[in-house]
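The values are calculated or read from the model by the stated rules, or taken from the named source; none is laboratory data. The model shown is predicted, which means the values in this text are computed figures rather than measured ones. Ideal geometry is used to build each Cβ from the backbone, glycine not excepted, and the neighbour counts take in all protein chains shown. What goes into the accessible areas is simple: the full protein's heavy atoms, side chains included, and nothing from ligands, DNA or RNA. Shrake-Rupley method; radii C 1.70, N 1.55, O 1.52, S 1.80 Å.
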Amino acid sequence: MNMHARPADPKKLIKGATGDWEVVIGMEIHAQVTSNSKLFSGASTEFGGEPNSHVSLVDAAMPGMLPVINEECVKQAVRTGLGLKAQINNRSVFDRKNYFYPDLPQGYQISQYKSPIVGEGVVLVDTADGQIEVGIERLHLEQDAGKSIHDQHPTLSLVDLNRSGVALMEIVSKPDLRSSEEAKAYVTKLRTILRYLGTCDGDMEKGSLRADVNVSVRKPGEDFGTRCEIKNVNSIRFIGQAIETEARRQIGIIEDGGTIDQETRLFDPNRGETRSMRSKEEAHDYRYFPDPDLLPLEFDDAFVAGLAAHLPELPDEKKARFVADYGLSAYDADVLVAEKETAAYYEEVARGRDAKAAANFVINELFGRLNKEGRDIASSPVSAAQIGAIVDLIADGTISGKIAKDLFEIVFTEGGDPRALVEERGMKQVTDTGAIEAAVDAIIAANPDKVAQVQAKPTMLGWFVGQVMKQTGGKANPQAVNDLLKGKLGI
């Protein structure tokens, strides 16, 4: 389906004074390549070193220093291209993109322009309104710039070159997104794919994934409007806010009879506004030309096939398998495959058990508790084996669903073997009908008025069930309680 011909969705339109507007969004994601050393030098890419401690003579642009391509970074770019179902270009060219900035010691950035390493691809994105396809225009490799620091000295700006020369993948989407929600879902999905592949850690707080967001507005069915680029947005929430803010700004200008200038803007989340940074350069302003120090990058199909053979199972394939093999709903499968570690944890719990029951317990109890604590699956105090044991105890009737919640809480806070805990703490549910019957008889005898009510209105049975559960400390088998009560009350 050609996304440019995608009809406007009335639910996604923005109301203006002169009618409805459609927002059109394209994204440029800068993803830091997971590698030990930089794109053209042997300096470390580790985050958080002392300023200028991870800098080689190449990164500092000392005279006569020559860049040497890092093969691992090339492999990571190809793996990412394969994960985006994209065209891999066996021949690509590195270009110099000229601009002058204090944290760019060479006076140019080595990037790719006309011949990128990866061509067109596609990302499938699930949204509240169904699945959309987002086209990928290209993926190219380039080096990151250093960092200017303006708040450490009253009159001087300081420059830290630790990041200078770190490999980035710039992943450019087509203008296929039509709302802030779609854009947020797209970045989330792309980040998941990169993390599965191991080609970028996706840590937005450390700046290893940043987004430039191109926003324009138009009346539904008309040609694309003039776009503005919002630079370096570093959280998924801010991406959504920046799009909403910028779209409304542009609609306001056009409705007041003005025109939109193509420019680069910054989003200020504290003030909830975008502001102009500079007028947008065109490609010729950068005077791109092939870097004379680097030969064209060439590899053969066998190189690509070798990388393809070792790719992990990706989120879309894993989700389809979870739905087919485990009978999960698409929603549950989505939640479980959002992180590679989460999916692996779930599969360990599900192995040889009722997969749906395992999914429910992992999603509702474990994830709920981890979210509350702000922890991820890697730092979960409860192992997959412990969750599996709790699911088994429910399945064989040893404990009820309610007791399972209490047991999970003990395992989460104190640890221990679930089966042993049930024995030690007397947590087994009572399935002995004799013991339950005594409690049922006592409650019926003590509440003749309620007995008359429940016989007239059987939905009141829940009150009796509650009383019996209270009397048995929540350990009576709820099914047995229901059956006994119905028999004795004649309903």
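Can you spot a residue in the range 341-351 that is open to solvent by less than 60 Å² (accessible area, probe 1.4 Å) and closer than 15 Å to Leu393 by Cα? For the range 341-351, residues open to solvent by less than 60 Å² (accessible area, probe 1.4 Å) and closer than 15 Å to Leu393 by Cα: present.
Just give me the residues in the range 378-405 being touching a residue at least 60 places away in the same chain (Cβ under 8 Å) and either part of a helix (DSSP H, G or I) or basic (Lys, Arg) (or both), in sequence order.
If the condition is that a residue be touching a residue at least 60 places away in the same chain (Cβ under 8 Å) and either part of a helix (DSSP H, G or I) or basic (Lys, Arg) (or both), then Lys402, Ile403 are the ones that fit.
Scan the range 108-132 residue by residue and report those that are modelled with pLDDT under 95 and not in a strand (DSSP E or B). If the condition is that a residue be modelled with pLDDT under 95 and not in a strand (DSSP E or B), then Ala128, Asp129 are the ones that fit. Within the range 275-296, residues that are over 21 Å from Gln106 (Cβ atoms) sit with their Cβ atoms under 6 Å from residues that are modelled with pLDDT under 95 and in a loop (DSSP other than H, G, I, E, B), at 6+ positions apart or across chains, in these pairs: Lys280/Gln262. Scanning the range 130-150 for residues that are under 18 Å from the mean Cα position of the chain (by Cα) and open to solvent by 10 Å² or more (accessible area, probe 1.4 Å) returns Gly130, Gln131, Ile132, Glu133. Of all residues in the range 24-46, those satisfying the criterion of being part of a loop (DSSP other than H, G, I, E, B) and either free of Cβ contacts under 8 Å to residues at least 40 places away in the same chain or open to solvent by 30 Å² or more (accessible area, probe 1.4 Å) (or both) are Thr34, Asn36, Gly42, Glu46.
Provide a single number: the residues in the range 78-118 that are surrounded by 17 or more Cβ atoms within 10 Å (Cβ to Cβ) and more than 30 Å from Met62 (Cα to Cα). Final tally of qualifying residues: 11.
Exactly one of these conditions fails for Ser41: (1) under 26 Å from the mean Cα position of the chain (by Cα); (2) within 19 Å of Gln112 (Cβ to Cβ). Give me its number. Among (1) under 26 Å from the mean Cα position of the chain (by Cα); (2) within 19 Å of Gln112 (Cβ to Cβ), Ser41 violates only (1).
The condition of being buried (at least 18 other Cβ atoms within 10 Å of the Cβ) and farther than 30 Å from Asp334 by Cα does not hold for Ala389.
Residue by residue, here is whether (1) modelled with pLDDT under 95; (2) in contact with a helix residue (DSSP H, G or I) (Cβ under 7 Å, 6 or more places away or on another chain) holds:
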position	(1), (2)
Thr192	no, yes
Asn214	no, no
Lys219	no, no
Ile243	no, yes
Asp261	yes, no
Gly272	yes, yes
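Residue pairs whose Cβ atoms lie under 9 Å apart, separated by 6 or more positions or on different chains, with the first residue in the range 416-445 and farther than 14 Å from Asp483 by Cβ and among the charged types (D, E, K, R) and the second open to solvent by 40 Å² or more (accessible area, probe 1.4 Å) and assigned to a helix (DSSP H, G or I), are Arg419/Asp392; Asp441/Lys488.
Condition check: in a helix (DSSP H, G or I), of a type in the set (Val, Ile, Thr), open to solvent by less than 50 Å² (accessible area, probe 1.4 Å) and touching a Gly at 6+ places or on another chain (Cβ under 9 Å). Does Thr245 satisfy that? Yes, satisfied. Checking the structure you have, find out if any residue of the range 151-158 is out of contact with any strand residue (DSSP E or B) (no Cβ under 8 Å at 6 or more places or on another chain), of a type in the set (Gly, Ala, Ser) and either crowded, with 24+ Cβ neighbours inside 10 Å or assigned to a loop (DSSP other than H, G, I, E, B) (or both). No - not one qualifying residue is present in the range 151-158. Considering the conditions (1) within 30 Å of Asp20 (Cβ to Cβ); (2) touching a Phe, Trp or Tyr at 6+ places or on another chain (Cβ under 6 Å); (3) touching a residue at least 60 places away in the same chain (Cβ under 8 Å), Glu255 is excluded by exactly one of them, (2). When Leu314 is tested against (1) open to solvent by 80 Å² or more (accessible area, probe 1.4 Å); (2) closer than 30 Å to Ala358 by Cβ, exactly one condition is not met: (1). Taking each residue of the range 146-161 that is farther than 18 Å from Gly107 by Cα and looking for partners that are assigned to a loop (DSSP other than H, G, I, E, B) with beta-carbon atoms closer than 7 Å, six or more apart or interchain, yields Ile149/Ser157; His150/Ser157.
Residue by residue, here is whether (1) within 52 Å of the chain's Cα centre (by Cα); (2) open to solvent by 70 Å² or more (accessible area, probe 1.4 Å) holds:
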| site | (1), (2) |
| --- | --- |
| Glu423 | yes, yes |
| Ala438 | no, no |
| Asn447 | no, no |
| Gln453 | no, yes |
| Phe464 | yes, no |
| Lys470 | yes, yes |
| Asn477 | yes, no |
| Asn482 | yes, no |
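Criterion applied to Arg191, Arg178 was being charged (D, E, K, R), closer than 30 Å to Asp334 by Cα and touching a Lys or Arg at 6+ places or on another chain (Cβ under 7 Å), and the one residue passing it is Arg178. Within the range 161-188, restricting attention to residues that are of a type in the set (Ser, Thr, Tyr) and under 13 Å from Val213 (Cα atoms), the residue that is nearest to the chain's Cα centre (by Cα) is Tyr186. Restricting attention to the range 288-311 and to residues that are of a type in the set (Gly, Ala, Ser) and open to solvent by 50 Å² or more (accessible area, probe 1.4 Å), the residue that is nearest to Arg91 (Cα to Cα) turns out to be Ala302.
Checking the conditions here, which among Gly49, Gly135, Gly64 is assigned to a loop (DSSP other than H, G, I, E, B), touching a residue at least 12 places away in the same chain (Cβ under 8 Å) and of a type outside the set (Lys, Arg)? Can you show your working first?
Details: Gly135 fails: assigned to a loop (DSSP other than H, G, I, E, B); Gly64 fails: touching a residue at least 12 places away in the same chain (Cβ under 8 Å).
After applying the criteria, what remains is Gly49.
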